[in-house]
1. I need the full set of residues from region 403-412 which are more than 19 Å from the chain's Cα centre (by Cα) and either small (Gly, Ala, Ser) or part of a strand (DSSP E or B) (or both), in order please.
2. Only one of (1) closer than 30 Å to HIS387 by Cβ; (2) over 21 Å from the mean Cα position of the chain (by Cα) fails for TYR138. Which number is that?
3. Quick check on this structure: which one of VAL177, VAL220 is over 23 Å from ASN32 (Cα atoms) and either crowded, with 19+ Cβ neighbours inside 10 Å or β-branched (Val, Ile, Thr) (or both)?
4. Restricting attention to region 138-151, does a residue exist that is of a type outside the set (Val, Ile, Thr) and either more than 22 Å from LEU61 (Cα to Cα) or touching a Gly at 6+ places or on another chain (Cβ under 7 Å) (or both)?
5. One residue is enough: does region 417-435 have a residue meeting the conditions within 23 Å of THR205 (Cα to Cα), part of a strand (DSSP E or B), touching a residue at least 60 places away in the same chain (Cβ under 8 Å) and out of contact with any Asp or Glu (no Cβ under 6 Å at 6 or more places or on another chain)?
6. Quickly run through region 415-457 and pick out the residues that are of a type in the set (Gly, Ala, Ser) and either crowded, with 24+ Cβ neighbours inside 10 Å or within 28 Å of VAL97 (Cβ to Cβ) (or both).
7. So, in region 349-384, how many residues would count as being within 19 Å of the chain's Cα centre (by Cα) and modelled with pLDDT of 95 or more?
8. Identify all residues within region 310-331 that are at pLDDT below 95 and either surrounded by fewer than 24 Cβ atoms within 10 Å (Cβ to Cβ) or in the same structural domain as SER519 (by TED's automatic domain parsing) (or both); write none if there are none.
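The values are calculated or read from the model by the stated rules, or taken from the named source; none is laboratory data. Because the structure is predicted, anything quoted here is derived from the model rather than measured. Don't worry about glycine lacking a Cβ; one is built from the backbone with ideal geometry, like all the others, and counts go over all protein chains shown.
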Amino acid sequence: MNDAASAPTPAPASRRARVRAPELIGKGGWLNTGGDDLTLADLRGKIVLLDFWTFCCVNCLHVLDELRDLEEKHRDTLVIVGVHSPKFVHEAEHQAVVDAVERYEVHHPVLDDPELATWKQYAVRAWPTLVVIDPEGYVVAQHAGEGHANAIRTLVEELEAEHEAKGTLRRGDGPYVAPEPVATDLRFPGKAILLPSGNLLVSDTTRHQLVELAADGETVVRRIGEGVFREPQGLTQLPDGTVVVADTVNHALRVLDPATGAIERIAGTGKQWWQGSPTSGPALDVDLSSPWDVAWWQGKVWIAMAGVHQLWTYDPATKTVEVAAGTTNEGLVDGPAAEAWFAQPSGLAATEDRLWVADSETSALRWVDTEGVVHTAVGTGLFDFGHRDGAAGQALLQHPLGVTALPDGSVAVSDTYNHALRRYDPASGEVTTLATDLREPSDAVLVDGDIVVVESARHRLTRLRLPEEAVRVEAVAHRTRREATEVAPGRLRLDVVFQAPTGQKLDERYGPSTRLLVSSTPPELLLAGEGTGTDLFRELDLDPELTEGVLHVSAMAASCDDDPANEYPACHVHQQDWGVPVKITEAGVSRLPLILAGMDA
């Protein structure tokens, strides 16, 4: 997600700066500890890695996967502690955190911190953030964003050697206690489609399989793909009867032949896409990033590429992939496909003239027309969400993951964090509620005039009769609960601080190696300073008539290995996006520093 609530500290903590780690506190208590509460004193002698995450954030999910190998190899010296720090109201519910820990197979202790107490103690500014604490209880490093596993691995090995020699390293089992497994036919199912046979095919996400269910939506006919998939999500049927599967954590697309059960990888290398990687070419040679849903539209498979905030396409005729919409910047910007911004697109539904998109992090319903222009039907941006019906311009959703085209031209939205099924009617421009008391609905499919909802957190499919009249609910609106940075009216100096990783230098062989993009919500907040430039600093003029808003900052820097003997040095692109809520006050600051960390990808 890489959002920032206020300016980060000037630099990551130095290994030699003896900064005592603050205590771990959170009103939600501890998970994966067998019921015990942990303190830093309990962890003394271990290297501790705090992972500040929230389960809506795909970048946080990427980091969970990055850390699995590190966690396994250093199990006797390293304790990873997840500090769950919510963005959305739903994420502050304890049961939702319990579900997420199981859903994403988190195999270390997790502190549920619904009020962001520990987040504030450690001056965290972005999801995800990693903090390393040495065996004596001192903070020795802090990294924001993805891609730091190699740097942390090196640091852990250095700390092991240093504290082994000092006698301050304590080897042995950590405090993790696995929860008891639960027997259900489905476990956190993601998406579903109706097969020509009348059966339903469901992505059984946490069990890493597909499950074919009989027409009743309950009886298991067969399980498909054991050992092949990792957290599969989206499904779409091609004209030839085969099914394309978004194999999300494997960063790949696979095709299933329902008749034979044969499965074949058709796109992705199995590696996660990073800035600077190819964005088009032979499908099996191009990296993907957390494909979350797929849909057949205009002769191609469209891909909701949640991991990079874009839409891509796969062409079965040429066996190629390419970017179709989005810039990789995270936010809500409409317009031509190449200029539009998305934020974790997670659900797709195709009609003849539109591709509907559930854009989860902006709590928005978007659509792409046949000319390639992106529009927003419902939603205003990264920070506003809730449950409110009415005119689309005023209606609110909360992190929707699915969208389903209905026969009358309207669409049903799986409004995941509101536990509701909503309906948007383009003809009237109205949003209504079709059903409530669903548990994290993530998709829905039409079956014989009814709608079958994937209730992900209840591990089942639920069949509903489409009502003639919508359910009335009390309107609720929310804004992301993080303190705004107080800034002075008028001139504000924005500084993005970047230091190339050890052994690298800025790549200036072909011109400027940095880029800075700045915009605001509302647009009137910035009187001057918006747009794109090559310097990592910018003088911004803020409208003194406004009292608050959000600065959207996207920074990029390219660096290459600094080895004169290497004729072909490896090069790397570092990028981070921030959404910075600001409050304009006379006592506010006149300089806003943000840290663009060099990443070891």
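1. In the first step, residues of region 403-412 are kept if they are more than 19 Å from the chain's Cα centre (by Cα); the result is 404-412.
THR404, ALA405, GLY409, SER410, VAL411, ALA412 - these are the residues of region 403-412 that are more than 19 Å from the chain's Cα centre (by Cα) and either small (Gly, Ala, Ser) or part of a strand (DSSP E or B) (or both).
2. Among (1) closer than 30 Å to HIS387 by Cβ; (2) over 21 Å from the mean Cα position of the chain (by Cα), the lone unmet condition for TYR138 is (1).
3. Result: VAL220 is the single residue among VAL177, VAL220 that is over 23 Å from ASN32 (Cα atoms) and either crowded, with 19+ Cβ neighbours inside 10 Å or β-branched (Val, Ile, Thr) (or both).
4. So in region 138-151, the residues of a type outside the set (Val, Ile, Thr) come out as 138, 141-151.
Subsequent filtering for residues that are either more than 22 Å from LEU61 (Cα to Cα) or touching a Gly at 6+ places or on another chain (Cβ under 7 Å) (or both) retains 138.
Yes.
5. Going residue by residue through region 417-435, those that are within 23 Å of THR205 (Cα to Cα) are 417-421.
Going one step further and asking which of them are part of a strand (DSSP E or B), we end up with 420-421.
Add one more test, that the residue is touching a residue at least 60 places away in the same chain (Cβ under 8 Å), and what stays is none.
Checking region 417-435: not a single residue is within 23 Å of THR205 (Cα to Cα), part of a strand (DSSP E or B), touching a residue at least 60 places away in the same chain (Cβ under 8 Å) and out of contact with any Asp or Glu (no Cβ under 6 Å at 6 or more places or on another chain).
6. Across region 415-457, the qualifying residues are ALA420, ALA435, SER442, ALA444, SER456, ALA457.
7. Here is the first cut: in region 349-384, the residues within 19 Å of the chain's Cα centre (by Cα) are 357-366, 379-384.
Narrowing further to those that are modelled with pLDDT of 95 or more: 357-366, 379.
Qualifying residue count, region 349-384: 11.
8. THR327, THR328, ASN329, GLY331 - these are the residues of region 310-331 that are at pLDDT below 95 and either surrounded by fewer than 24 Cβ atoms within 10 Å (Cβ to Cβ) or in the same structural domain as SER519 (by TED's automatic domain parsing) (or both).
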